[in-house]
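Read through the structure below, which is laid out as structure tokens, and then see the notes.
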Amino acid sequence: MSAVIRGLGTAVPDRVVTNAELAATLDTTDEWVRTRTGIAERRIAEVGTATADLAVEAGAEALKAAGEQADAVVIATSTPDRSLPGVGPEVAARLGLGTVNAFDVNAACTGFVYGLAVAAGLIAGDIADRVLLVGAETMSRITDFSDRSTAVLFGDGAGAVLLSRGAEGDQGAVGPFDLGSDGDASDLLCVPAGGSRRPADPDAIAARDTFLQMDGREVYRQAVRRMVASSQKVLDRAGLTVADVDRLVGHQANARILDAVADRLGVAPERRFVNVARYGNTSAASIPLALADADLEPGEQVLLTAFGAGMTWGSTVVRWPSLPPG
Amino acid sequence: MNPIYEKVKGVLVDKFGVEESEVTPEASFEDLDLDSLDLVEFALAAEEELGVRISDEEAEQLETLSDTVKLLEEKGASA
């Protein structure tokens, strides 16, 4: 028994923000951003558009593609519409799914891989038959657009998959998994205020501590190390080698991180998929947005790997299914 | 030639595509067209290849390759 991907959907805001637009108010250049990150542009949601709005659009497309309804909704996000409640119930209701089991998973940029594991668990445990998993983020809402080291990195978007029960070895079957975390390094990438440790009081707001802060160099280093080790572990568990991997679809944070990971794993350049140029880092939405863009062929062995705040990391493999268009 | 220097040179040529002829003890990372992220990756490669950890603060202070070799030696790197 295995959880199998039956449909895929995506949603991104219409508004495209180029590096040049950000460079107009920041001490940076298009060339600097491209060479350091591979990012050319990102999508930013209009004021009033929230994570649930993007999640509903992507989720509806995935349900339509699968031609099925869901009896559970899992939203991978670290930018919910409100700090309470999670967006899962609202997304389920707006999709017409009624009173189904619905909740959020917060594993930051690793959220989609964690979410796949949670969805597989719901199905394996007979708690749900068809799970809609949506990675949805409005990272722009926690991005400090006056901080040149982070302002250029993030974007908004959502990507969804519908999973249901199938046989191990079926095309679209997800797993095995490797998931991990290192909470000793949680300060390296965080929003310092606005949670229970430190409320969003006037001092915190003035210090811009309600925005995401990152020690970019250390995160870079750990991201490479963790994604390589996690990918190797999951391939091992699956009884596969790097030679079996047709496509590596990593979390899209930085093209140079993805290359450093792929180089160490020994994945040839033509087998790496990178679309960070179009969307920047959309956190939990990046992997499904990449899967939708990658022109994957049915039967291709795809390795997914991600790393993010927490710190968290995770990897899984999926033999790509033949999916109807959304 | 110093074995640590040879190892550093090997990493720069193999992993960063630097021309062998450009690598000299006096060369800086900037001379070799390596940016701040390359320096982070270099520190990672040094850790993998030589078993010593260069912190971000230390990496920022490095000017020339001979500085780099000296730091690696002080940290007990063995080629």
Quick check: anything in region A:190-197 away from every other protein chain (no Cβ under 14 Å), under 20 Å from A:Met139 (Cα atoms) and touching a Cys at 6+ places or on another chain (Cβ under 9 Å)? no
Looking for something within 14 Å of another protein chain (Cβ to nearest Cβ), more than 9 Å from the chain's Cα centre (by Cα), aliphatic (A, V, I, L, M) and not in a helix (DSSP H, G or I) - is there at least one such residue anywhere in region B:10-29? no
Is it the case that region A:273-288 has a residue that's without any contact (Cβ under 8 Å) to a residue 24 or more places away in the chain and in a helix (DSSP H, G or I)? no
Residue count for region A:44-74, restricted to those that are assigned to a loop (DSSP other than H, G, I, E, B), touching a strand residue (DSSP E or B) at 6+ places or on another chain (Cβ under 9 Å) and closer than 26 Å to A:Thr18 by Cβ: 4
Quick check: is even one residue across region A:292-306 free of Cβ contacts under 8 Å to residues at least 60 places away in the same chain, more than 14 Å from every other protein chain (Cβ to nearest Cβ) and in a helix (DSSP H, G or I)? yes
Read through the list (1) surrounded by 18 or more Cβ atoms within 10 Å (Cβ to Cβ); (2) more than 14 Å from chain A (Cβ to nearest Cβ); (3) touching a Leu at 6+ places or on another chain (Cβ under 9 Å), then give the number of the only condition that B:Asp38 fails. (2)
Only one of A:Gly86, A:Gly67, A:Gly48 is assigned by TED's automatic domain parsing to the domain that holds A:Asp144 and in contact (Cβ under 8 Å) with a residue 60 or more places away in the chain. Can you tell me which? A:Gly67
Wholly within region A:184-265, helices (runs of 4 or more DSSP H) carrying at least 2 residues that are surrounded by fewer than 18 Cβ atoms within 10 Å (Cβ to Cβ) and at pLDDT below 95: none
Can you say whether A:Val56 is in contact (Cβ under 8 Å) with a residue 12 or more places away in the chain and over 17 Å from the mean Cα position of the chain (by Cα), as far as the supplied structure shows? no
Subset tally (residues that are in contact (Cβ under 8 Å) with a residue 40 or more places away in the chain and within 14 Å of another protein chain (Cβ to nearest Cβ)) for region A:221-252: 5
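The values are calculated or read from the model by the stated rules, or taken from the named source; none is laboratory data. Nothing here was measured: the structure is a model prediction, and the numbers come from that model. Using ideal geometry, Cβ is built from the backbone for each residue, glycine included, and neighbour counts are taken over all protein chains shown.
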